[in-house]
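Here's the structure, in structure tokens; my notes come after.
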Amino acid sequence: MYIKQSFKTDRKTGTSYFAYHLVESVRTDKGPRQRVLLYMGSTIDLAIQEHKALAERIEAIITGQPSLFPSTPAVERLAQMYASQVINRLSDNIEDKNNSNSDDAEDLFVTINANSLEYSDPRSVGTEHVLLEMAKQLDLPKKLHELGLSKTDVSLALGSIIARAAAPNSERATYDWLCNKSGLSELLDFDFSKSSLDKLYQVSDKLLSNKTALESHLECKEQEYHGFKSTIALYDLTNTYMEGQANANPKAKHGFSKEKRSDCPLVTMGLVMNEHGFLNRTSILPGNISEPKTLEDMIKNLTPQPSLEKPIIILDAGISTDTNLAWLRENKYKYIVSARKGAPCTEIEGALVHVGDRNNLVKAAIIKTDCYDEKWLYCESEAKASVADKMKQSFRSRFEDSLNRLNESLKKPRGRKKHLTVVERIGRLKEKHKNISACYEINVIASEDGLNATLVDWKVIREKMDEKLTGKYFLRTNILETDPKTLWQLYNTLRGIEDSFRFMKSSLGLRPVYHQKEKRVDGHLWITILAYHLIKQCLYQLNKDEINNHWQTIREILSNRGFCKTHVSH
């Protein structure tokens with residue numbers, strides 16, 4: 001074996017550079033020939049005078065022959081790395097030949113002593129291998145090539161996506177993980193250490209620019225691979241908070257944070273998911289976006305061809321405005337939504353039907369109504385009632401504690417006692433505790449001259465309190481011929497998208513976002529979504545075999561058992 005140096009010129013840029021290949025001489029029927037074993041890159045971190053010693057040491061490792069003279073540390077480190085790459089490549093070639101049933105397969109067998117690799121620099125490989133196979137099942141590498149990404153860009157893209165699923169972190173930490181902790185380099189036959197952090201950012205931009213094409217491709221491949229048909233579209237929004245001011249990002253806005261981080265700028269994600277848990281469409285929106293305004297664009301993008309069968313749309317109360325429901329009816333969509341307001345009446349048709357399971361037992365019935373194009377479903381949940389009762393007690397306790405403190409301040413010498421001031425303070429308390437304050441009748445008792453307040457008196461309005469925060473809720477639908485049990489079960493699939501939000505935030509490092517520029521934030525979120533596609537592809541197949549472990553558990557099992565020393569050994 002020897003290292004061959006070639007002078008190359010990039011046809012696109014005109015840039016000239018050296019290319020190094022590990023080559024061996026082989027005898028053939030037509031005479032001696034050179035066979036390239038490995039492309040070693042455009043640079044080798046070693047003086048050219050030591051290239052011969054490096055090639056000899058690589059050959060010695062592969063064949064298991066002892067070296068007569070000890071190698072320098074630099075030569076030994078590179079030899080171990082390149083030898084494992086050669087072993088990995090040869091084994092892949094053998095597998096490809098065997099799969100093609102070629103008679104020449106035996107020509108590719110080489111005597112290799114895998115034990116000759118010295119064990120150093122341990123790296124994980126189990127999770128990476130599974131995720132790479134999921135990407136191949138979805139033809140993701142092929143699609144990236146078709147979209148114009150170079151071989152290097154495809155490797156970096158797969159590295160970014162797999163890293164987000166296997167070891168979620170910032171892009172800077174991802175680059176360190178790919179270079180120093182993961183065996184993904186050998187699986188992809190690509191040395192991440194010869195790239196840079198900037199390249200990861202650049203490939204993130206390329207993935208984002210092809211977002212629409214990649215979403216359509218993944219949706220088609222997932223349906224084709226598993227053979228299912230999507231008949232339901234579940235749509236919901238969530239937001240994630242950002243560190244810093246993010247002044248360079250026009251989408252970073254302050255709004256209502258579902259993580260109670262309204263002090264930070266937010267960005268919003270909209271997800272459309274089918275009933276099997278696979279994502280169909282996603283959007284990245286400003287943090288203060290109004291939920292109802294997002295529906296029309298997302299549904300139009302979901303069904304761009306009028307000939308396609310339209311799915312049933314399932315929404316929560318935040319998006320199911322009368323305007324949105326009217327738009328769905330006009331465009332011939334069927335829907336099941338959580339009602340934003342109470343039903344026209346509470347008289348039910350027939351008896352309550354038990355639906356759900358013992359962990360979520362619900363009683364449901366159709367409500368009598370004169371509406372010809374829509375019907376309402378009354379639902380009564382024991383689990384919701386229990387949670388609602390605890391929330392109600394918590395709200396009551398906090399509001400009444402505030403009223404008691406206000407009363408006590410009237411007795412203090414320096415307490416604010418002016419009648420108008422006390423009334424204003426009560427108004428602010430009502431606004432702060434608006435979830436429960438409407439259930440109270442509050443009176444401020446004034447002094448004889450009417451200037452000061454002497455007492456704040458209140459009582460609970462029992463009728464309003466009983467109606468507040470119960471386990472009862474209503475669904476609206478324009479599916480008129482379906483029974484209560486089926487309607488509730490269809491709506492209950494919305495829980496899947498809520499689970500996906502929680503999963504991406506907790507297991508895929510979706511929050512917080514540290515980037516300050518819009519394209520960096522969008523790219524970070526988009527790579528998280530792509531990572532979710534690979535994970536869902538894996539979990540869906542495991543679930544078919546009744547393996548229902550959480551991804552964190554599976555990731556831990558794979559990381560502990562899938563482990564390589566130095567690089568992948570065979």
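The values are calculated or read from the model by the stated rules, or taken from the named source; none is laboratory data. Here the structure is a predicted model, which means the values were calculated and not measured. Quick reminder, even Gly has a Cβ in these numbers, built from the backbone with ideal geometry, and neighbours come from all protein chains shown.
Results, tabulated for the structure shown:
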{"item": "Filter result for the condition that a residue is in contact (Cβ under 8 Å) with a residue 60 or more places away in the chain and surrounded by fewer than 21 Cβ atoms within 10 Å (Cβ to Cβ), over 213, 252, 246, 233", "result": "213"}
{"item": "In segment 61-76, residue surrounded by the fewest Cβ atoms within 10 Å (Cβ to Cβ) [restricted to those that are without any contact (Cβ under 8 Å) to a residue 40 or more places away in the chain and not in a loop (DSSP other than H, G, I, E, B)]", "result": "73"}
{"item": "Residues located in segment 445-490, provided they are over 45 Å from the mean Cα position of the chain (by Cα) and acidic (Asp, Glu)", "result": "448, 449, 457"}
{"item": "Members of segment 220-257 found to be touching a Ser or Thr at 6+ places or on another chain (Cβ under 8 Å), more than 14 Å from residue 525 (Cα to Cα) and not polar (S, T, N, Q), listed by number", "result": "232, 234, 254, 255, 256"}
{"item": "From 30, 52, residue being exposed (fewer than 13 other Cβ atoms within 10 Å of the Cβ) and modelled with pLDDT under 80", "result": "30"}
{"item": "Residue list for segment 513-539, filter: surrounded by 15 or more Cβ atoms within 10 Å (Cβ to Cβ), over 18 Å from residue 502 (Cβ atoms) and of a type in the set (Phe, Trp, Tyr)", "result": "526"}
{"item": "Positions within segment 430-459 being surrounded by 14 or more Cβ atoms within 10 Å (Cβ to Cβ), of a type outside the set (Ser, Thr, Tyr) and not in a loop (DSSP other than H, G, I, E, B), in sequence order", "result": "430, 439, 442, 444, 446, 452, 453, 456, 458"}
{"item": "Segment 478-505 residues that are free of Cβ contacts under 8 Å to residues at least 60 places away in the same chain, paired with ones that are in a helix (DSSP H, G or I) and surrounded by 14 or more Cβ atoms within 10 Å (Cβ to Cβ) (beta carbon under 7 Å, 6 or more apart)", "result": "504/528; 504/532"}
